[in-house]
1. Would you say residue 162 is touching a Ser or Thr at 6+ places or on another chain (Cβ under 8 Å) and surrounded by fewer than 18 Cβ atoms within 10 Å (Cβ to Cβ)?
2. State whether one or more residues within the range 134-151 are free of Cβ contacts under 8 Å to residues at least 40 places away in the same chain, of a type in the set (Gly, Ala, Ser) and in contact with a Phe, Trp or Tyr (Cβ under 8 Å, 6 or more places away or on another chain).
3. Kindly evaluate residue 145 against the criterion of being on the phi > 0 side of the Ramachandran plot, at pLDDT 95 or above and within 20 Å of the chain's Cα centre (by Cα).
4. Just checking, how many residues over the range 97-129 are among the β-branched types (Val, Ile, Thr) and crowded, with 21+ Cβ neighbours inside 10 Å?
5. Check 270, 247 and return the single one that is assigned to a helix (DSSP H, G or I) and at pLDDT below 95.
6. I'd like the residue in the range 182-209 that is surrounded by fewer than 18 Cβ atoms within 10 Å (Cβ to Cβ), among the polar types (S, T, N, Q) and in a helix (DSSP H, G or I) and, out of all such residues, is modelled with the highest pLDDT.
7. Of all residues in the range 79-107 being in contact (Cβ under 8 Å) with a residue 60 or more places away in the chain and assigned to a helix (DSSP H, G or I), which is nearest to residue 52 (Cα to Cα)?
8. For residue 55, are the conditions met, namely being in contact with a helix residue (DSSP H, G or I) (Cβ under 7 Å, 6 or more places away or on another chain), assigned by TED's automatic domain parsing to the domain that holds residue 135 and either in a helix (DSSP H, G or I) or modelled with pLDDT of 95 or more (or both)?
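The values are calculated or read from the model by the stated rules, or taken from the named source; none is laboratory data. Just so you know, these numbers come straight off a predicted model, no measurement behind them. Positions of Cβ are backbone-derived with ideal geometry, glycine not excepted, and every protein chain shown enters the neighbour counts.
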Amino acid sequence: MNNKNQEQSKSHPFIGLSLAKLMRPKHWVKNGFVLAPLLFTGLFSNPEAISKTLAVTFLFCIASSAVYVLNDIKDINHDRKHPKKSQTRPLASGAISIPQAFILLACLYSILIAGYFFSPEATLVLFAYVILNIGYSFYLKHQPVLDIFTIAIGFVLRVFAGATVLNVPVSAWMFVTTLCLALFLAAIKRRQELQDSGASGREVLGSYSISLVNRFAEMAATGALVFYSLFVVTTRPELAITIPIVLFGIYRYWYIVEMTNAGESPTEALFSDPQLMLTITIWAAASAYIVISGQAPLSI
């Protein structure tokens with residue numbers, strides 16, 4: 001660590017806060033995808049199912065934090081040259097040292113290994129998620145198109161883990177809907193990165209253009225809506241009333257991205273807009289009520 005970063009490290013006495021920031025708990029909201037099978041099967045009234053799903057959601061939070069820590073360790077030199085990340089990332093700013101980050105990473109991996117004894121099948125999905133993201137950190141994020149699909153597959157694995165721990169089948173429509181929605185979010189993220197910093201933001205951005213990722217986003221958004229509608233019609237017809245809510249949510253998210261430049265972080269876009277948060281809450285509440293009152297068979 002250079003002298004500048006050493007001085008910065010000394011000026012951060014609350015190392016616990018810096019370690020917590022390195023784990024990026026704000027981004028844990030993405031692991032809400034693990035709860036989708038619990039919602040659509042109607043098992044959210046079953047205490048055992050709730051506890052199992054929450055446990056796997058917690059493990060995914062740990063896994064995603066481990067991914068962020070490893071990625072920040074790998075990219076520390078690049079982040080130190082970035083005007084924003086050099087100030088906001090704990091490692092790049094010198095708030096914590098690389099050895100401290102490795103200790104945190106070892107603790108996170110230990111928790112994941114312990115999770116195997118809770119649910120071996122779901123934890124194997126977790127390990128697949130971690131391995132996929134290690135591949136992303138070291139190689140896949142530099143490969144155009146593959147980088148976007150890698151991010152999206154991570155969300156599909158979340159849904160699969162949620163279904164696995166509950167031992168319920170997942171329809172192909174649910175998987176492809178999740179994939180398309182995640183592709184939409186990933187394409188918007190790349191678009192925002194291009195708009196903010198151009199090809200200098202990250203290596204892979206040199207292989208994209210704003211018009212191209214806009215087309216990616218449009219195709220993915222359309223696919224998410226179409227496949228969600230097909231999922232509803234073929235599996236849960238009583239949920240047809242939620243389709244306009246999903247459509248509004250997509251429109252609102254895109255509006256936020258265009259007007260506030262928040263597309264680089266879906267989490268920030270969500271928490272910055274009360275209407276979007278309310279839309280998701282209404283969709284979840286309506287879906288839960290319809291599923292539990294419809295007494296449909298346990299499948300998604």
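1. no
2. Looking through the range 134-151, none of the residues is free of Cβ contacts under 8 Å to residues at least 40 places away in the same chain, of a type in the set (Gly, Ala, Ser) and in contact with a Phe, Trp or Tyr (Cβ under 8 Å, 6 or more places away or on another chain).
3. Yes, satisfied.
4. Here the count works out to 2.
5. Just one listed residue meets the conditions, 270.
6. Of everything passing the filter in the range 182-209, 207 is modelled with the highest pLDDT.
7. Across the range 79-107, the extreme among qualifying residues is 104.
8. Judged against the criteria, residue 55 is not a match.
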